Structure formats: C-alpha cells, structure tokens
1. For the range 267-295, which residues satisfy the criterion of being in contact with an Asp or Glu (Cβ under 7 Å, 6 or more places away or on another chain), over 20 Å from T127 (Cα atoms) and either of a type in the set (A, V, I, L, M, F, W, C) or surrounded by fewer than 24 Cβ atoms within 10 Å (Cβ to Cβ) (or both)?
2. Among the residues in the range 219-235, are any surrounded by fewer than 23 Cβ atoms within 10 Å (Cβ to Cβ), outside the structural domain of S130 (by TED's automatic domain parsing) and closer than 16 Å to A277 by Cβ?
3. Quick test of your reading of the structure: A297 fulfils all but one of (1) among the hydrophobic types (A, V, I, L, M, F, W, C); (2) outside the structural domain of A139 (by TED's automatic domain parsing); (3) farther than 20 Å from A152 by Cβ. Name the failing condition by number.
4. For the range 215-246, which positions are at negative phi and assigned to a loop (DSSP other than H, G, I, E, B)?
5. Would it be correct to say that A27 is closer than 18 Å to A297 by Cβ, modelled with pLDDT under 60 and more than 26 Å from the chain's Cα centre (by Cα)?
6. If I filter the range 166-180 down to residues being among the β-branched types (V, I, T) and in a strand (DSSP E or B), which single residue comes out as nearest to A253 (Cα to Cα)?
7. Among (1) surrounded by fewer than 24 Cβ atoms within 10 Å (Cβ to Cβ); (2) closer than 28 Å to V211 by Cβ; (3) of a type in the set (V, I, T), which single condition is T256 missing?
8. Of the residues I160, I166, which is modelled with pLDDT of 95 or more, closer than 30 Å to A321 by Cα, out of contact with any Phe, Trp or Tyr (no Cβ under 7 Å at 6 or more places or on another chain) and among the hydrophobic types (A, V, I, L, M, F, W, C)?
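The values are calculated or read from the model by the stated rules, or taken from the named source; none is laboratory data. Given the structure is predicted, the values throughout are model-derived calculations rather than measurements. For neighbour counting, all protein chains shown are included, and Cβ atoms are generated from backbone atoms with ideal geometry for every residue, glycine included.
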Amino acid sequence: MMGSPANSKFPVLLSMLVCLSCGFGAALVASPAAAQDSGATLADLAADAGPDGAAKLVAGAKKEGGVTVYTSETVDDIAVLSKAFEAKYGVKLNVWRGSSEDILQRGVVEARGGRFDVDAFETGATTMESLHREQLLQAVDASAFADLAPQAIRPHHEWIGTRYNIFVAAYNTGVIAGNDLPKSYQDFLDPRWKDKLGIEQDDSDWFGTVVDALGEQQGLALFHDIVANNGISVRKGHTLLTNLVISGEVPLAIGTYLYRVAQLKNRGAPIDWLALAPVIARFEGAGIARRAPHPYAAMLYLDFMLTDAQEILAKRDFYPADIKVKPMPTNMTLTFLDPAQALDQNEKWSKYYRDIVTHQAR
C-alpha cells in the first residue's frame, strides 16, 4: 500500500544527548523545543552525562512521585507491567486506559485546551503516528534501538514500537472442526460460513492492507461477496470479539490478535487460531509527551518499556519489538502495516470498510 511519508511540521531540531550509562538501557535524545516545553529539566538531564546519570534519573522520577500513561493495553497486562515497574523503581505508574481512538481524542483535546497531565502514550501504531502529526510527542533516541525490529523505529523517533500484534482468525474449537477451517479468505464464500463470522468495527487500516495485498478490486469484491452472501457480525473491540468466540456467539472471528488468543488458549479456553495470507502485523508503541509534567519519570517509563518490559511481554505471549528476546515467527510471512501510509489513506479505507463491511453487516 504505497503512500507518502508522514509530514513533519517541526523545525530542524538540534539534538541533545541524555547519557544513561552504567548499563541503563536507553540513552534518550531530547530536542531543544522539548527542553523549552518542559522548562530547564530536560536541559539539565541532557547536560548530565556522568556515570551517576541513571541514578539521578531514578531519583528525579521518585521526587516527581509518579508517571501518568494513557494506554490501550488490557487490564491484565497493565497490572503485570505496572507491578514490575513500581517494584523496580519505586515510582507509581498511573494509568488511564481507553481505546486507541479515545486516547487520541483525549490527548488532542487536552493539549488544545492547555492541559498537560499525560507523561507518555502507549497504544497502536496509527494512533501514535497521529499523535506525532499533532506535534504532541518528543523525539528520542535509544541504545536499545539496536535490538529492535526495524519496523519498530519510525524515521522521526517520536514513538518507538514496543510490541506488535499479529492479526489472525480465531475460532471456537467446540463449534468448528479442524478439517472445516478455511485456507484462504476466498473460502469464506462457502455457504458453511453463513451467520458464523465476526469482525472488529474499527479495523479499516488492517482491511486496507489486506485488500491492497490481494489486489484492490479483487479484494474489495471478495469482502463484498463474503458479507452479502454469509453475513458478518461487527463488534467493538478485539478483546470483546475474542471473548465472543469463546462463548460460541461468534464461531469464527476474522482479525483477532494472536497474543490474546494464545493467552486464552493456554488457560484452557475453547479457542484456537489460524493465519490467512496476507498475515498483517501492526506495532503498538510508546512515546513521551512533549509537555510531560514528569519528564524524569516519563523517560524512565520509556526505557522500561524498551528493556525490562520486553521479557515480560514475551512471557505473556506477545511478540516484543526486541527480536533478541523473541524472534519473529518463521511459520508465517508477515506484512507490517505502515502507520504513515495508513493515515494518508485513512479516509479511503474507512469509507470502503463502512460501505462494504460494517454498514452491510447482519
């Protein structure tokens, strides 16, 4: 899906290195504009390249008292990451959880109203890219970048991929037999799938990437015929959709997250997954708010997400950005969604998704 790169309205930035040595994972680079936005704090941090810089960062975060993050992670995953962060640093992780759409709306509305409560954002790639275009994020650099998948690092460095979601079809193992499973999207035209399919309401970026890979005209016609012939149930939220597969209300869901299906399967739920080509992957990422009220703690949180959190995410069935912690899967070929391209073509694919899928669903 070809598109223009993200447009940056920022002036040319002269970077100031924040050296976080002594084994501290991320060395952050703050722009002069960001330093001005946060008063002298970031400038002071950037000037402190001594061996005790990491300790001073932790001390500063403790003095600030906490860090506020807007995130779309599940409640269970937030709890595990918060516990680990607070145990390591003694700094309170304050979380506001919402959908990616809610996070973007809240971040933009607050900033335009002159309210700066958030220190960092952690959510899906297209929302993070939107926050970048709204000039709400601070450019950073990190030594941890060397271990990350290339797709995790955006050219502007204003947010960094922390993990990626792989879109797969999920099915109820008590309702659908293994030998009945589709081998391609074309198979969903079979009458056996009538009134058995479900899909997420806001996956137009995924939809656009799939259709583009299939060939635009052919892909649009295929999804039109699937919905027209067999119907499809549209639900809001990937977690809800996955739970409905487990209950049997939606026997097979197109476009769920592999990590969540794996978590529930490992707990004994009657659910499994299959990958249909093209297999789309989309990064979740984290970035520091340009006007972060707790800059020490914000940088500490980002460093945590790029280092310690990578192991935690891997143990919870995620695919972390650090490919040394968990290599990319070898049993499927991934097509990574480009968030800048998705934003450039958002209007087009949102309209197609509404007209062909959500408005025609039954």
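1. Selection gives P293 alone.
2. Yes: one or more hits.
3. (2)
4. Selection gives I232, K236.
5. no
6. So the residue we want is V168.
7. Going through (1) surrounded by fewer than 24 Cβ atoms within 10 Å (Cβ to Cβ); (2) closer than 28 Å to V211 by Cβ; (3) of a type in the set (V, I, T) one by one, T256 breaks only (1).
8. So the residue among I160, I166 that is modelled with pLDDT of 95 or more, closer than 30 Å to A321 by Cα, out of contact with any Phe, Trp or Tyr (no Cβ under 7 Å at 6 or more places or on another chain) and among the hydrophobic types (A, V, I, L, M, F, W, C) is I160.
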